[in-house]
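To start, the structure under review is shown below, and the notes come after it.
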Amino acid sequence: MFNGEFCAEWWKYFNGIIGPSIFSTLRMLTATMVLAFIFGFALSIILIIVRPDGLDPHKRLYKVLDFFVNMVRSFPIIILIVAISPLTRAVVGTTIGEKAAILPLTIAATPFIARIFENAFAQVDKQLIEAARSFGASNMQIVFRVMVKEAIPSLVAGMTLTTISYLAATTIAGAVGAGGLGAVALNYGYQSFNNVILYTAVIILCIMAQIIQGIGNFIYKKL
């Protein structure tokens with residue numbers, strides 16, 4: 001009897017609150033990672049080219065970009081969300097909801113990915129780069145035909161790490177009105193003293209993290 005009542009109660013919560021929040025979290029995470037990958041990849045190429053030991057060193061430009069990357073990465077995500085809320089309102093039209101969370105999450109994830117990618121490119125064998133240069137390859141050809149090709153496994157590992165990290169960040173964003181599993185766990189679970197919702201959300205987040213890690217490991221091994 002107890003088990004039947006518990007299952008019925010759990011399903012009511014899952015169907016009405018938790019289930020929709022899973023898709024909200026996935027939408028936020030997917031949009032953030034796609035945008036952050038595009039911008040982070042572009043930024044990492046600039047960084048690897050202009051760094052002091054790069055393909056076309058520009059010390060001052062690198063210092064500016066390096067400062068920007070380090071500064072944004074040092075911001076706690078919840079502080080960043082609040083700090084850029086005027087920008088979010090100007091771009092999105094609101095500071096509440098999953099769409100409003102995508103902008104600050106993307107801004108936070110972009111330098112994170114850029115630094116990971118830059119380090120992956122920097123680890124490529126210098127002899128391969130010199131060999132490509134000796135054949136007359138341009139900087140862009142060296143980046144895309146040598147560095148990216150050789151660093152793909154590291155890039156996959158870096159994206160896996162970033163995706164899991166920003167899965168956690170979506171739950172933090174939920175604390176300031178972004179929605180998703182974080183908001184459900186906090187508002188309907190913790191603040192309402194409902195352990196069924198709280199621990200269900202936590203377990204689902206753990207499962208999602210394991211799935212992301214498993215997919216990342218599978219792709220890494222294939223490459």
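We did not get these values from a lab; they are worked out from the coordinates using the rules stated. If you're wondering where the values come from, they're calculated on a predicted model, not measured in any experiment. Backbone-built Cβ (ideal geometry, glycine too); neighbour counts: all protein chains shown.
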Calculated FRET value between Ile219 and Ile46, using beta carbons and R₀ = 22 Å, to 0.05:
0.30
Rounded Å value of the spacing that divides the Cα centres of the stretch 26-50 and the stretch 156-174:
13
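Please report the net charge: other residues with Cβ closer than 15 Å to the Cβ of Asp66, K and R +1, D and E -1. Before the final figure, lay out each step's value.
On the way: positive: Arg51, Lys59, Arg60, Lys63, Arg73, Arg115; negative: Asp53, Glu118.
Result for the local shell: +4.
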Phi-derived 3J(HN,Hα) across the stretch 153-162 with the Karplus relation (6.51, -1.76, 1.60, θ = phi - 60°), rounded Hz, x for Gly and Pro, is x, 5, 5, 5, 4, x, 5, 4, 4, 5
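Per 0.36 nm of contour for each residue apart, how much would the distance between Ile79 and Asp66 grow if the chain were fully extended, relative to their Cα-Cα spacing?
Working: separation 13, 0.36 × 13 = 4.68 nm, distance 2.08 nm.
Difference between extended and current length: 2.6 nm.
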Taking a label point 7 Å from the Cα of Lys12 along Cα-to-Cβ, the residues of the stretch 188-223 whose backbone nitrogen sits under 20 Å from it are 188-201
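If each residue's Cβ is checked for other Cβ atoms within 10 Å, how do Met147, Met208, Met159 rank with the fewest at the top? Could you put the intermediate results ahead of the total?
Values: Met147 24, Met208 18, Met159 21.
The order, fewest Cβ neighbours first, is Met208, Met159, Met147.
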Between Val196 and Ile96, what length comes free when the chain is fully extended (0.36 nm per residue of separation minus the Cα-Cα distance, one decimal in nm)?
33.4 nm
Provide, for q = 0.09, 0.10, 0.11, 0.12 Å⁻¹, the log10 of I(q)/I(0) from a solvent-free Debye sum over equal Cα point scatterers in the stretch 2-222.
-0.45, -0.54, -0.63, -0.72
Which one of Val64, Ala151, Thr110 is farthest out on the positive end of the charge dipole of the stretch 39-178, using unit charges on Cβ (Lys, Arg +1; Asp, Glu -1) and the Cα centre as origin?
Val64
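Pulled fully out, how much extra length does the chain show between Asp56 and Ser134, if you take 0.36 nm times their separation in residues and subtract their Cα-Cα distance?
Details: separation 78, 0.36 × 78 = 28.08 nm, distance 1.53 nm.
Extra length available between Asp56 and Ser134 comes to 26.6 nm.
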Based solely on its DSSP helices, what 222 nm [θ] is calculated for the chain when runs of n ≥ 4 H residues each add -39,500 (n - 2.57) and the sum is averaged over all residues, nearest 500 deg cm²/dmol?
-25500 deg cm²/dmol
